[in-house]
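A short worksheet on the structure shown next.
The values are calculated or read from the model by the stated rules, or taken from the named source; none is laboratory data. Values in this document were obtained by computation on a predicted structure and should not be read as measured data. Positions of Cβ are backbone-derived with ideal geometry, glycine not excepted, and every protein chain shown enters the neighbour counts. Accessible surface is based on the protein model in full, side chains and every heavy atom, while ligands, DNA and RNA are left aside. Shrake-Rupley method; radii C 1.70, N 1.55, O 1.52, S 1.80 Å.
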Amino acid sequence: MTFDPDGQREHWVAQREPGMLPRQPRMFRNEVRTAVRYERGLVMKAFVVLAVLAVIVLLRLRYSA
Amino acid sequence: MTHWLIDVTEWLLFAVVVAGAAPELAGAGQFLLAAGHGWRNHYDECAPAFPRTAVLIPAWNEGAVIGASIDRLMAAQYPVGSLRVYVVDDASTDDTPAAVRAKGEQYPGRVVHLRRDEGGQGKAHTLNHGLAVILGDDWMEALLVTDADVIFEPATLRTMTRHLADPTVGAVTCYIKEGSRPGNYLTRFIGYEYITAQAGARRGQNVLGTLPCLAGGAQLHSRANLLALGGRIDTTSLAEDTFTTFETQLRGHRVVFEPHAVCWAEEPDTIGGLWKQRLRWARGNVQVTSCYRRLWFRQPFRRRGSGHGLGGATFGTLWFCLFLQPVFMITSSVSLLTLYFAGSPEVWPAFRALWIANAAAYLFITGFTLLIDPATARRTWRQAVLFPGVVNVAIIAYTCFPRPLHAALDDLFAAAHLAVPHAAWIMPFIYAWLGASLAIAYLAKRAEPGRAGRRLSTALVYVVGYGTLLCACTFAAYVKELRRAEMSWDKTEKTGKVTIPT
């Protein structure tokens, strides 16, 4: 199987030169965008867990103090 | 004067007890950092990159797994002419050479069999044999070091290489998941552990800008980085991957964890196998800690972007909290017992402070970990809940809700017409538990051989917790290093049970 979307292989050497970054192919951009979106979603997940923790603390203070 | 001395001693013991929560709190802090990975990551510097990549696989008696691993690598979404696999056969006595030669015929020019006739010196020596050949010409632009049992997903390699488009990056690692199927309770514990230690903790380390360890089973290096390392892997320790990671950063290259590049590995399904593997890792960490003793905390207030952070206060704190976890456990227990038998009123507040901090960290880490990788979480959530062990979870519940639990216990004993146990009997046990659980974890390892022993050891692991088992390994590593025990490379047995979930 050959996998060389948009002839990216040819850019490898060029990318090592400063200021010569090639135009990023669509597939790559989509993947990075999806990855960043997932990563940014992690902060919401952390907040959800912290919120649950806060509720447990409140219940503890309210009913078992 | 005497009262003053007693007060100071009491407060010192109180502080030591509460310090026992440091490893859990440091872990929670690392996970808080991970939550910021959406903003502090390396994606802005990424670009599509397909360097000519040599995959280096050290192999000793890997006939059961090597063929499938090569097939998966050959199916990678990567330019055919830019990927070669070099298997360094470390004097295997099984059918590894035949399996690799067969793959060489199946993929002409893309699979290379290198044979060491005198093997058994360890992974680093095997890797160096391959490195000498690969660096012998200038074809290779990047090198992926992996293990014979590791199965790569099709997109993994190209997802990793895109980070090498940034010339400041020397090495990239990916998310290794436990892939044995059907697996057992221990592999599920490991599956959960790998979310915490990799998908969670390494994201936090990306945010920090400093990684302690590139996973030995999946580390991608640029050629420039390998040359900067002298073209050789350290052979003096059992943690060649950690040494490589430290040296990469000390020589000015960045290391990056790519959480969206995934590969699957077979992990031990017995406590004996796990113990051998983790003892090797833990001894390696002792060696790293000693070797870099002039590095720790020497640059406490590094500005982000100004070189490596290995000498930083945050990295040092995270490293030592994990490295010294058995010490924290033992000193907490000893201090609690001292306060208790001295009749100090501080014993209960100290105990509660310790366990409330542990409880908060445990709930946060467990909840967040399960949300980071929901697919693995669905398979391992029971092991996640019981990661600290049944007794520790019970202590957490008791500390957080003492009155309702007291009442429930009273009712339970009354219903069973039993005398309610006196606190004087229970509390010393609870105070001693953290330290004593290390010894019980060791018993789990000793009890395993034999059929009945296996059931007993499984029960003991659930009682003390998988985390405690790992701490017992770390403690055993201290002892081995203090006794300067021989460094033997006890390879983990692989049987080819890895399957990628569809």
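From the set of residues in region B:151-174 that are touching a helix residue (DSSP H, G or I) at 6+ places or on another chain (Cβ under 6 Å) and away from chain A (no Cβ under 12 Å), which is nearest to B:PHE31 (Cα to Cα)?
Checked region B:151-174; the qualifying residue nearest to B:PHE31 (Cα to Cα) is B:CYS174.
Got at least one residue in region B:187-201 being over 16 Å from the mean Cα position of the chain (by Cα) and of a type outside the set (A, V, I, L, M, F, W, C)?
Scanning region B:187-201 turns up no residue that is over 16 Å from the mean Cα position of the chain (by Cα) and of a type outside the set (A, V, I, L, M, F, W, C).
Just need a number here: residues in region B:204-215 that are more than 11 Å from the chain's Cα centre (by Cα) and open to solvent by 10 Å² or more (accessible area, probe 1.4 Å). If you could, list the steps in order and put the result at the bottom.
First pass over region B:204-215, keeping only residues more than 11 Å from the chain's Cα centre (by Cα): B:204-211.
This time we only want the ones that are open to solvent by 10 Å² or more (accessible area, probe 1.4 Å), so: B:205-209.
Of the residues in that region, 5 qualify.
For region B:458-502, a tally of residues being hydrophobic (A, V, I, L, M, F, W, C), at pLDDT below 75 and in contact with an Asp or Glu (Cβ under 9 Å, 6 or more places away or on another chain) returns 1. Only one of the numbered conditions (1) touching an Asp or Glu at 6+ places or on another chain (Cβ under 9 Å); (2) modelled with pLDDT of 95 or more is not met by B:ALA124, and that is (2). For B:ALA148, indicate whether it is in contact with a helix residue (DSSP H, G or I) (Cβ under 6 Å, 6 or more places away or on another chain), in contact (Cβ under 8 Å) with a residue 24 or more places away in the chain, buried (at least 21 other Cβ atoms within 10 Å of the Cβ) and not in a helix (DSSP H, G or I). Considered against the rule, which asks whether it is in contact with a helix residue (DSSP H, G or I) (Cβ under 6 Å, 6 or more places away or on another chain), in contact (Cβ under 8 Å) with a residue 24 or more places away in the chain, buried (at least 21 other Cβ atoms within 10 Å of the Cβ) and not in a helix (DSSP H, G or I), B:ALA148 comes out as yes. Taking region B:431-453 as the range and being touching a residue at least 40 places away in the same chain (Cβ under 8 Å) and among the charged types (D, E, K, R) as the test, the residues that pass are B:LYS445, B:GLU448.
Look at B:ARG403 and say whether it is farther than 28 Å from B:ALA197 by Cα, within 14 Å of another protein chain (Cβ to nearest Cβ) and open to solvent by 70 Å² or more (accessible area, probe 1.4 Å). Yes: the conditions hold for B:ARG403. Taken as a whole, the condition of being under 27 Å from the mean Cα position of the chain (by Cα) and within 14 Å of another protein chain (Cβ to nearest Cβ) does not apply to B:ALA148. In region B:357-374, the count of residues that are open to solvent by less than 10 Å² (accessible area, probe 1.4 Å), β-branched (Val, Ile, Thr), over 23 Å from B:MET427 (Cβ atoms) and within 13 Å of chain A (Cβ to nearest Cβ) is one or more. On the stretch given as region B:242-277, residues that are away from chain A (no Cβ under 14 Å), charged (D, E, K, R) and open to solvent by less than 10 Å² (accessible area, probe 1.4 Å) total 1. Taken over region B:174-205, the criterion of being under 13 Å from B:ALA384 (Cβ atoms) and hydroxyl-bearing (Ser, Thr, Tyr) is satisfied by B:TYR185, B:TYR192, B:TYR194, B:THR196.
Screening B:ALA350 against (1) in contact with a Leu (Cβ under 8 Å, 6 or more places away or on another chain); (2) of a type in the set (A, V, I, L, M, F, W, C); (3) free of Cβ contacts under 8 Å to residues at least 40 places away in the same chain leaves a single unmet condition, (3).
Of all residues in region A:37-47, those satisfying the criterion of being within 7 Å of chain B (Cβ to nearest Cβ) and open to solvent by 30 Å² or more (accessible area, probe 1.4 Å) are A:ARG40, A:VAL43, A:LYS45.
Whenever a residue of region B:180-204 is within 14 Å of chain A (Cβ to nearest Cβ) and more than 12 Å from B:GLU266 (Cα to Cα), its partners that are among the charged types (D, E, K, R) and surrounded by fewer than 24 Cβ atoms within 10 Å (Cβ to Cβ), lying with C-beta atoms within less than 8 angstrom and at least six residues away or across chains, give the pairs B:ILE195/B:ASP373; B:ALA199/B:ASP373; B:ARG203/A:GLU39. When residues in region B:409-438 are screened for being open to solvent by less than 60 Å² (accessible area, probe 1.4 Å), hydrophobic (A, V, I, L, M, F, W, C) and either at pLDDT 90 or above or in contact with a strand residue (DSSP E or B) (Cβ under 8 Å, 6 or more places away or on another chain) (or both), 6 of them pass. If a residue must be in contact with a helix residue (DSSP H, G or I) (Cβ under 7 Å, 6 or more places away or on another chain) and either without any contact (Cβ under 8 Å) to a residue 12 or more places away in the chain or open to solvent by 20 Å² or more (accessible area, probe 1.4 Å) (or both), how many such residues does region B:120-134 contain? Qualifying residue count, region B:120-134: 1.
Considering each residue of region B:99-109, count those that are surrounded by fewer than 19 Cβ atoms within 10 Å (Cβ to Cβ) and of a type in the set (D, E, K, R), and give that number. Let's see the steps before the verdict.
Restricting attention to region B:99-109, the residues satisfying the condition of being surrounded by fewer than 19 Cβ atoms within 10 Å (Cβ to Cβ) are B:101-102, B:104-109.
Okay, now just the ones that are also of a type in the set (D, E, K, R), so B:101, B:105.
Total meeting the criteria: 2.
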